[in-house]
Each structure stands twice: as C-alpha cells, then as structure tokens.
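One structure is given here, and the rest of the page talks about it.
What follows draws every value from the coordinates through simple rules; no lab data is involved. Everything numeric in this text was worked out from a predicted model, so none of it was measured. FYI the Cβ positions are ideal-geometry reconstructions off the backbone, even for glycines, and counts take in every protein chain you see.
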C-alpha cells in the first residue's frame, strides 16, 4: 500500500519536472539603491505630480527614508496645485495621492474648494478616467482633511454609470464612444468602484457587488502565462499610443483587485496559484531600469504584500551552488514578496532529481531545520546520494497554523536548480612508453597531476604512448568531466589534441605512433605534453604540463601533406613592417668627360674647314649695300638672324617653348620685313647689272 | 694587267675631268657645296661619337644628326633653285630662294632645339 502510494507520488513528481525549474528572489537592497538612482529630482522638482507621487510611493514601500529636499519639492507642487482653482481633477488626484505620503498641510479653505470641484467633476463625468480621478480624489481628501463628512450624493447612480463601461469578457472600455476595451481600464474601473463603495453613505445593493465579483473572475480567465509559471495580463496592441504593456496592465488589475477586496465583506474566490503566478511575474522582472516600470513593479508587489485576497509567499535560496567538499549547507528562506517575515511554516525537501534524467528522486522527503535567528531553513548535510553535478531540488512549504491557509498562498511545490561542486580526486596517474607489438613497457613514469611534472620520454614510430589516471568524486563515485584532453605540441608550434576516454573511473589514452605518423606530418623532434581535465562541477580543474617526449618519426615522402602554417602572433600584424628601399633605375653609363669634350672639339672642326674653304674660294662682301638706308636694313637683317639664333640658345638653356614661340613670332615678323627689304634691294641691284 | 692599268688610268682620267668641270661652276654654288660638305661632316662625327659611347640621350643624337641633315637638304634645295643652268627655276629670283632657305633653317632649328632636351 505504502509502496504503491510512493510510486504514485514519484510519478506525480516526475510529471511535474516537465515545467522548468526557476527561482524568484524577493525585493532586496539592490532595489533600494536602484530606486534612489532612478527617482531623482530634475532641477529641484519632479516633472509632474504623477511622478512626484510615484517617487514618494516607491520610497515609502521600500522603506527608504524621506529625504527633505524630495519632501519639500513635493509639498511645493502639491500646495501649488491644491491652491490653484484651475487644476483639473487629474492634477488634484495626483496631488492628493502624493500628499497622503508627504503629509503636507492643506488649508481648510483649499480643501473645501477641492471637495466642491471634485463633486462637480463626479456629476459631470462622462468617461472612465473622469470618474477615476474625481472619485479617487474624494476618497483621498476624506482621509486627509479633518472634515470626515464626505459622501457621494448618488452613489448607486455613479456605480451604475461606471459599470456601464464594462464588457462581458471582464474588460472595460474607457468611454461610451470608444469601443476599445482593455484590462488596464478594468483595473482602473475596479479601483473607482471600490472608492464609490467606501464613499457611499448607505449600503449599496449587494447584487451589484456580486455581479462585480463575476466580472473579476471573468477577467482572471483571460490571464496569460509564460513557460516558467508566471502569469500576467496583456491587452491587444491596437493603437500604439494607448497600449500600456503587460507590466502596467497587470499592475493596474492588481491595484483594482486589492482595492475592491478591501471594501467588500465577502470573499473573492480566486485560486491562490493565480496570485502566486502574478507575484512571480513581478519578481521575475528583477530590477527595472525605468522609473515608471519600477513604480509599477513595486506598487503591485505592495498590493500583493498585504491584501484581503491571498498573500503570496516566496521561497528563495541564498546560494544555488553548494560545495560537497566544503560541506556547505543548503539555506532556504521563505518570505513575502517585499522580503518581510513569513508566518510560522516548515520547508520540506521532497525530492532531488539529477538534471536531464528522469530517474526517481535521489533523496527521501525530509524537513529542513528552521534557525530562528537568521530566519533560514537549513539542511546541514547533503545526503550521500547527492554527488557533484547539477540537480533540481523540489521543496514544499507547509504552513503551521491552519488559519494562515486562508490568508497566505505558498504554491504546491517549488523547483530550484542546484549545482553541486566538489574536489575531484585524481589518483594513479602515470605515463608510459610501450613497445607496439608486445605491449611491454619500455619506460614508465608516475605523475603528480596536482604538482609540477617534468617527465622526459623518447619514442619512435613503432612504439605507443599511454597516459592513464583515475578520477573519483568526493563520495567515491565515477566521474566523467566535460574535458579530458592530452595535447602534444611540436617545437614548430604544430599542435595535436587527443581525448582521454574512460571506462568507469579509469581514464586512459593510448597513442599508437605508427598510425599517427601521417597525422603528425612526419615531424620528428621534441613535443611538449599538456593534460587538461576540467568540468564546471570540479573545483580543482587542471591544465598541467606533463613534460616532453622526443619523437623519432620516419622521413616524409614526396606527397606528404605539409603541416599547416602556424598563426603568427596576432599583434605582430599591427607592428611595423619591413622597410622598403626603392631601387632607382641605374643611371646610364656616361662616357668619360674628356672623350665628350674631345668630340666637341672634333665637331667644331668641319665649321673651321668651312670657313677656311670660304676664304679659299675668295668670298667677299662687295655686294653689301653702301647707301645708308639699304645698309641699315642689311645690318638689321643679319642682326635679326643673330637674335633668333641667340633666342634658340636661350630656349635650349632655360626658356620653354611657349615663351620662345612668342618671341620668335615677333622676331620672325621683323625679320621677314627687313629681309624682304634687303633682298628686294639686292635683286633690284642685280637686275640693273644684268640689264646694263 | 693592262686592263687594270687602263681601268686605273680611266679612273684617273675621270677624276681629272670631274675636277676641271667642277672648277667651272660659279662661286656661289661652290659656297653652297662647301656648306653641304660641312654639314655632312658634322653629322658623320656625331654618328662616330654615338657609335663609340652609346646612344643614351637618343633624342639629343637624333636632333643633332637631323639638324645637320636638314640643313644640308635645305642647302641642296637652295643650290637647285639658284643654279642658272636649271631651266625649271628660271623665273625664281635667287634672293627669294635664299630667303626661303633662311626661313626654313630657322624653323628647322627651332624644332631641333626643342627636341634637343
């Protein structure tokens, strides 16, 4: 009978593993420091009354001391809004909300003015938000002013008009002309209706309240779920501007729900695990980075901390990593969402399962000892069956007082991922060189893998290398680490890695060099040996140099593969490169200067010969004109030619073509004119001679 | 032997007759011939220089040689035009031919100077 019951329980536990194991942490000091950073004054005041309220409320919930500058800035904006007659109900609402925390004094006259304007707003309200601000404002001022006689004139009428915005699926609309409905609006509506109930001068019709309870249950039917067991509300994304997001929507619904539960007398029957799921949703966010998100999270958790529906209790671990060798104990804490103490309860460890295996629980169900001083539930010694590795522990929380069951909700079972580490014993480690055929040991060395080794071996391609060792867990069981590698590195930095296989506790690798010759690229020489044994659960993972081995391998044949190029030190890529020296074209061999000068002289010779020949021929200047005018022209002609030749010399020496052409064109024109005059005069003279 | 002697004698006789015929040419033509000879000699010397030391600044060599050859060609043209026995250029006054010669030489030498480098 007991056996079948146990078997059934085991089956139940196995099925429940299908859900992912995750733990949620309650609010801690990291939240408090983040709040101080996020909610800061911008030039001495917050941007709006809404933000003022959010900052004050967050500080109040987290128990952060009120800073004087924050309070004075808040009081300033509150009194400004309260005093002004043109403040809208929304401004008054947030001012009064902030004032409920800041507790600044409001004048009697001002509060009277507020009451009358809010009453007028209630009667003139047409949309959900109008009702929300005006009714909410009246509720707040009732608590804050000395005048306790604030009632809603026609509470039932107002109730019905707000209820008119509800829809059949539990959601609410914002106004009669806007058909869009949302869960966020539902939360606001519930808060407003709770306010109406509290302001009513006489009892409201109970049927109204019970229909509202039905609406709440229908709303909770539309709750959505994530894989890790968290629940939340979300609206359909229709209009980007109006979309609120799951965080603010869920927060609004929770606010409405708890406000409503606070004013009604009966019970709102909501399953406790839905509340627990909502609590996990808010805790699962961690520390938000945005002030608004932070406020929504903290405000919702404050609603969950104390409400009339059910208060969730959160189980958390101080550390999810436990060392078997150091004999750590498992410490569990159960608190409310904001970290306050839980009522008397016991925590039981009902099962522990190795991750990734569907075997039965490794531990018997046992109770954890409660330490009054620290508020922790402690399991001092891990059971023998828990060895190194990763596990899922299943806890169950049982409340000691039966009345607490109505107030608190703990959840059936909480799964927590636990990682157990420990020192792994490495024994009998040795390295040997064996003769291939006979298997006889040629040389053997014992290794101390925990310390330094400098083994020196030598082998040729006909032999084998064997490395073996034993691993066992602190509890004495076999252990297979994630990494067991033997690396051989040649002098030329070529590396080879081999996995060390195991059978049970014994780990061994045998390198048969005959088969590895080609893999080693026929490189003989000194190889450094390095052993790596590592695992996440191993506290003494090691990477040790064992020593070196001189390998004598045969010569590489023609077609053998070359070893891959070893990567150069990557930083040398950015170092300076080899300097490039430009090799200029070797200048042509020039002849010796004397030879060139000699030939220059030789070139002048024909000119001299020409001049001498001219003299021998009897050259004379008889035809040179004697009369002054033609003589001038003749002289100018010769001067002109000489000038052109001079210009050519300058052209060769330093002028460029364009300058030369410019001058030559001028000289040419001059020369043509002068030459024409001279030659025509000569022609006339010779014609005269001929005719004469 | 006799043929050799006769051929030798023939060559000598030919040379002498050429020489005497040449003496009959007018002086201005002889001047032009001398000028042509001078230009060709200068060109030859330049070629010998290039042959001995290599043609490294080839453009300079070309411009030098072409200057000589060019001016020789222009002088030959001048000779043709000035020669009174040449019926083709009977109407062309020699001064005009000379003016052409000067102008063409100036243009030639501008180009040569540009190419000399």
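Assorted remarks:
- Averaged over peptide A:662-673, the number of partner chain Cβ atoms lying within 10 Å of each residue's Cβ comes to 1.
- Whether region A:216-303 is rounded, prolate or oblate, judged on the alpha carbon gyration tensor where a/c under 1.5 counts as rounded: rounded
- Mean sequence separation of contacting Cα pairs (under 8 Å, at least six apart), scaled by the length of region A:543-692, corresponds to a relative contact order of 21 percent.
- Anisotropy class of the protein assembly as shown from Cα gyration tensor, a/c 1.5 cut: oblate
- Cα-based equivalent ellipsoid, region A:289-442: semi-axes from gyration tensor eigenvalues, Å: 45, 19, 14
- Note on residue A:365/residue A:163: beta-carbon distance plugged into 1/(1 + (r/R0)^6) with R0 of 45 Å gives a FRET efficiency of 0.35.
- Ordering A:622, A:519 from the fewest to the most neighbouring beta carbons within 10 Å gives A:622, A:519.
- Peptide-level mean, for A:641-647, of C-beta atoms on other protein chains within 10 Å: 2
- When you restrict to C-alpha pairs under 8 Å that are six or more residues apart and normalise by the size of chain A, the relative contact order lands at 8 percent.
- Most tightly packed first, judged by the mean number of other beta-carbon atoms within 10 Å of their residues, the peptides A:128-135, A:225-232, B:20-27 read A:128-135, A:225-232, B:20-27.
- Most tightly packed first, judged by the mean number of other beta-carbon atoms within 10 Å of their residues, the peptides A:401-414, B:38-51, A:182-195 read A:182-195, B:38-51, A:401-414.
- In degrees, nearest ten, helix A:29-38 long axis to first principal axis of chain A (Cα): 60 degrees
- Contact order, relative form, for region A:56-205: 20 percent (alpha carbon pairs under 8 Å, 6 or more residues apart, mean separation divided by residue count).
- Taking other Cβ atoms within 10 Å as a rough exposure proxy, A:690, A:97, B:8, A:369 sort from fewest to most as A:690, B:8, A:369, A:97.
- Kirkwood-based Rg to Rh ratio, region A:620-691, C-alpha trace: 1.12
- Cα shape, chain B, gyration tensor, a/c 1.5 rule: oblate
- Average other protein chain Cβ within 10 Å of Cβ, residues B:109-115: 5
- Angle in degrees between helix A:128-144 and the longest Cα principal axis of chain A, rounded to the nearest 10: 60 degrees
- Relative exposure of A:574, A:527, judged by other C-beta atoms within 10 Å (fewest first): A:574, A:527
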